[in-house]
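Structure, as structure tokens:
The values are calculated or read from the model by the stated rules, or taken from the named source; none is laboratory data. Treat the numbers as computed from the prediction; the structure is a model and nothing was measured. Backbone-built Cβ (ideal geometry, glycine too); neighbour counts: all protein chains shown. What goes into the accessible areas is simple: the full protein's heavy atoms, side chains included, and nothing from ligands, DNA or RNA. Shrake-Rupley method; radii C 1.70, N 1.55, O 1.52, S 1.80 Å.
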Amino acid sequence: MLRKGTLGLLWAILSSSLLPLDVIAHNQNPLTLSALNRFRAQNSAEGPPSGDISTCSGYRLSGLKESNVGLSARLTLVGPACNAFGKDIADLTIEVTYESNERLHVNIFDTSNEQYTIPKSVVEVPPPPTKSFKRTSDLVFNFEPSPFAFWITRRSLPNAEPLFDTRISSLPETPIPAVIPSDNSTALNGFPLIFEDQYLQLTSTLPLNANVYGLGEVVASSGFRRNVGPQGGTIQTMWARDIADPVDENLYGSHPIYLEHRFDPMANTSQSHGVFLLSAAGGDILLLTPPGSKTSLIEYRMIGGVLDFYFFAGPTPNAVIEQYGELIGLPTWQPAWGFGFHLCRWGYKNLADVRDQVTSMREANIPLEVMWNDIDLYHAAGNNQHYIPIVDAAIAKQVNATDSYDIYTKGAELDVFIKNPDGSEYVGQVWPGYTVFPDWFQNHTQQWWTEAFRNWTQHGIEFSGIWLDMNEASSFCDGSCGTGANLTNTSVPFILPGEPGNPITDYPECYDSATFGPSGNITVNGTFTCQLDPPSLTLRKRGLGAGKQSGIDVNTPPYAIHNGNGRLSIHALATNATHADGQLELDVHNLWGLMEEKATHLAVQSILPKKRPFLISRSTFPSAGKWTGHWLGDNFSLWSYLRYNIAGVLQFQLFQIPFVGADTCGFNGNTDEELCNRWMQLSAFTPFYRNHNIKGAISQEPYRWDSVANASRTAIAIRYSLLPYWYTLFANSSTKGTPPVRALFYEFPNEPELFAVDTQFLVGSDILVTPVLAPNVTTVSGVFPGRGSVIWRDWYTHDVVKFSPGQATTLEAPLGHINVHIRDSSAILMHAAPAYTIEETRQGPFSLLVSQSSSGHAFGTAYLDDGISNPPGPNRVVTFSVKNQQLRISSSGQFNVAQKLKEVTILGVETKPKTLLINGNKSGTLSYFPQQQKVVVSALSIDLNKPSTVSWK
């Protein structure tokens, strides 16, 4: 279905029959056409690119210079240039820097510095080290001089297979026919290092059937663990794209980072490491296993830029993610209210309609923290609640001199808009009609953007945060389309969803709307509406000083990456659109969203001083988490997307954008009662919790069905009670980069049965979530990690779970119930009385849940502050430690915690205690529940600003 930010299925159809190059060129301005003709002329004289890499002979290393932090050398072509997809660059430089004991930097770039490199003002990485880590780093750089190849090993495991290995002798023999038979581009004709002006290639071995995670953004059919073959494989395309969440195609963001996890069954040990390519270039990253090969491989095919690699030693999954965050920047601090429940839809008709939703949620007693508006913007709610409007990427172009549109006129005056190659304004087409686009590289753009937001607030849009959409950046027309166009036409070139001619009629797979109508109910007249075995439903699959090269094909690079839209300019800015200092959209396309997020974060910070900016954005790039959170885009009201929700959240933890969630109940299409019920429960355990749907679909606010309302109230109450736990996880994320949501193997890395699990997940280390992901079921299967060494207790009953170690266990899961379990050895501070809003909840007392290990130990911490100050002001860290039948509470920091700890629940107490002491005195009330081996100590008033003890004997 179509969406305000997506042409979705319509564009999928249109892009399947692309225009000939001559027709495309006809729509460009004259300078573009002449540049294209020059390229053709040059290549007709020299011969077109062959596309054949089999004759490429690689590079030879010379001029090696050692330093206390690494080495540098020259790389020169071994033989004649092969010019497979452009012109080989004969003279390269390699710089290797041991940046810490866990991070190794290998940068291969053109010595003349003509290839595009990301300015440090866009992605700020740490400066080179001042001390030497060459002899202490766990990562070791090794190389062969001719043909040049390198491999990375662990100092701690010198005899283990390399972590990254580009040697030809380590890779499968070529030529290899197409590994994916339907795609000839997966034929492998050689693995030399190739460095051309429009094509860079580097290949490394991977262990056979390697455990690879990351590389995105993507809705991967394989789930969180990527498919490396031998059946199929992965082609991950790096090109930001506005599209409604297709499977196995490029999406809104570009993240060339992966984590690999290796397990040694002989030693029963494991190590994880990470590999990051810092490049904004479009490209394909292939994960493949050739038939009969003893290894798998990863191959980078980039259409520009340089080969700027960072390697992270781990050795645990959490450590890899933390080390990546240390490089690109740690996530922004989230305001406490951001963890509340958010509600939005495209299609609220007016202010009264929005107000009705706020009122209806209150009447149903379903907590509502934030009201959002899609492109139909209206005013805010009150009562400790918040309002967030949408801001799309494009700015309406003023048509008549008599019109008054200050953001355009001021922007034109300050020269902040992207241009055509001839210096005229680049004009696209988005929701306002014909539009222009901010150029974030211009000197005055930040000033203009901040002023625009300030003027917005002065005209009545009193926002609490901002929703950034369409920022790939997206455009509905092909090329700069303003010349000769009727600029007064503000309509879009397609029928909006819900309008006559484009009704929203689809339902989840098992719902028969022809029989049961458009209610979306689970039952109609006592009959279940979910009919099993439906017809199959399938979706389409499938430093500045650079970027000034001459004689390159800007519009259609010779190597055609697997962009789902086809040509790179389709449904995007044209690749010849020009930014400050002559930078081309071809080189900086993947950076647009990140740069808008930074500019908006700084603008909101200026307008709402001393408050944490709250942003949710669609297109992202490495380091975006410093400025924004993310939603998983325009998903579908399908059970498969309920499952994809989990993998998407896990993916963005790795990308250091941890505040993430999906459009709950689905965006495109019609949801139904059962799907929405299960989804509202699942999303209550993801960082960003928002229900959002498309214009024209049936309403899916959680009060619409009694069963969904009941499930939502239960799930939100758990979420709000766990807010101190969530808040602490995100404080750790913003200070250390530790992921708040984790795959099971992150905490249990030596259990191979967990490596592919993405139907369950952990919140922190202590909360295990096992959601229902299928219709018409009342049970769910899940595995309990730890192989019997961990005690898992039910969240609701506190009963110890009985299970077979390493085996799946069937759990009861009636509609409205989501399985949640508590890990032993944990101590979790909670809000004792979850209320309607986050602020009301925070004003109430605390409780503490302790789940002891078999030896009677438990530990936990809680980070507390005012929940809003930016930068974070005074805070307090409270530590809970249990052993020898005593809970010790210690506290440090300057923040005063006004609320008292009123109740402590201790699980794993085998016999009823005879005495209870609070700070050495007999006080409080003790209750004992023998079936759960549970002690509840109530009627407390413990000050969390001071040390305290609770003892029982």
Exercise. Given (1) part of a loop (DSSP other than H, G, I, E, B); (2) farther than 30 Å from Ala336 by Cα, where does Phe621 come up short, assuming only one miss?
Worked result: (2)
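Please go through the range 850-871 and give me each residue that is assigned to a loop (DSSP other than H, G, I, E, B) and either of a type in the set (D, E, K, R) or touching a Phe, Trp or Tyr at 6+ places or on another chain (Cβ under 6 Å) (or both), ordered by number. Reasoning before the result, please.
Of the residues in the range 850-871, the ones assigned to a loop (DSSP other than H, G, I, E, B) are 852-857, 865-868, 870-871.
Listed by number, the residues that qualify are Asp865, Asp866.
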Problem set entry | Top-ranked residue in the range 872-894 [being surrounded by 18 or more Cβ atoms within 10 Å (Cβ to Cβ) and touching a Gly at 6+ places or on another chain (Cβ under 9 Å); ranked as nearest to Gly860 (Cα to Cα)] | Phe880
Exercise. When you scan the range 416-432, how many residues do you find that are assigned to a strand (DSSP E or B) and surrounded by 21 or more Cβ atoms within 10 Å (Cβ to Cβ)?
Worked result: 4
Seminar exercise, completed: Subset of the range 282-300, residues open to solvent by 10 Å² or more (accessible area, probe 1.4 Å) and either assigned by the TED database to the domain that holds Thr575 or not hydroxyl-bearing (Ser, Thr, Tyr) (or both), comes to Pro291, Gly292, Lys294
Problem set entry | Selected residue (criterion: most open to solvent (accessible area, probe 1.4 Å)) from residues of the range 735-750 that are in a helix (DSSP H, G or I) and closer than 20 Å to Ile828 by Cβ | Lys736
Exercise. What strands (runs of 3 or more DSSP E) lie completely within the range 301-387 and have 1 or more residues being assigned by the TED database to the domain that holds Gly86?
Worked result: 307-312
Seminar exercise, completed: Within the range 490-500, the residues that are touching a Gly at 6+ places or on another chain (Cβ under 6 Å) and open to solvent by less than 70 Å² (accessible area, probe 1.4 Å) are Pro497, Gly498
Exercise. Which of (1) open to solvent by less than 50 Å² (accessible area, probe 1.4 Å); (2) within 27 Å of His589 (Cβ to Cβ); (3) not hydrophobic (A, V, I, L, M, F, W, C) is the odd one out, the single condition Asn83 does not satisfy?
Worked result: (1)
Exercise. What number of residues in the range 872-890 are under 21 Å from Thr841 (Cβ atoms), of a type outside the set (Val, Ile, Thr) and either part of a strand (DSSP E or B) or touching a strand residue (DSSP E or B) at 6+ places or on another chain (Cβ under 6 Å) (or both)?
Worked result: 3
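Just to be sure, is Pro503 open to solvent by less than 20 Å² (accessible area, probe 1.4 Å), assigned to a loop (DSSP other than H, G, I, E, B) and under 30 Å from Leu642 (Cβ atoms)?
Details: open to solvent by less than 20 Å² (accessible area, probe 1.4 Å): no; assigned to a loop (DSSP other than H, G, I, E, B): yes; under 30 Å from Leu642 (Cβ atoms): yes.
When the stated conditions are applied, Pro503 does not pass them.
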For this session: Might you check whether a residue that is closer than 17 Å to Ile828 by Cα, surrounded by 14 or more Cβ atoms within 10 Å (Cβ to Cβ) and assigned by the TED database to the domain that holds His857 occurs anywhere in the range 917-929?
Result: no
For this session: Assess whether Asp553 counts as being more than 29 Å from the chain's Cα centre (by Cα), at pLDDT below 80 and not assigned by the TED database to the domain that holds Arg704.
Result: no
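Can you find even one residue in the range 468-480 that is open to solvent by 60 Å² or more (accessible area, probe 1.4 Å) and over 30 Å from the mean Cα position of the chain (by Cα)? Walk me through it before giving the result.
In the first step, residues of the range 468-480 are kept if they are open to solvent by 60 Å² or more (accessible area, probe 1.4 Å); the result is none.
No: the range 468-480 contains no residue that is open to solvent by 60 Å² or more (accessible area, probe 1.4 Å) and over 30 Å from the mean Cα position of the chain (by Cα).
Considering every residue within the range 775-784, establish whether at least one is buried (at least 20 other Cβ atoms within 10 Å of the Cβ), hydrophobic (A, V, I, L, M, F, W, C), in the same structural domain as Leu864 (by the TED database) and assigned to a loop (DSSP other than H, G, I, E, B).
Keep residues of the range 775-784 that are buried (at least 20 other Cβ atoms within 10 Å of the Cβ), which gives 775, 780, 782-784.
Those left that are additionally hydrophobic (A, V, I, L, M, F, W, C): 780, 783-784.
Narrowing further to those that are in the same structural domain as Leu864 (by the TED database): 780, 783-784.
Imposing the further condition that a residue be assigned to a loop (DSSP other than H, G, I, E, B) reduces the set to 784.
Yes; the residues of the range 775-784 include at least one that is buried (at least 20 other Cβ atoms within 10 Å of the Cβ), hydrophobic (A, V, I, L, M, F, W, C), in the same structural domain as Leu864 (by the TED database) and assigned to a loop (DSSP other than H, G, I, E, B).
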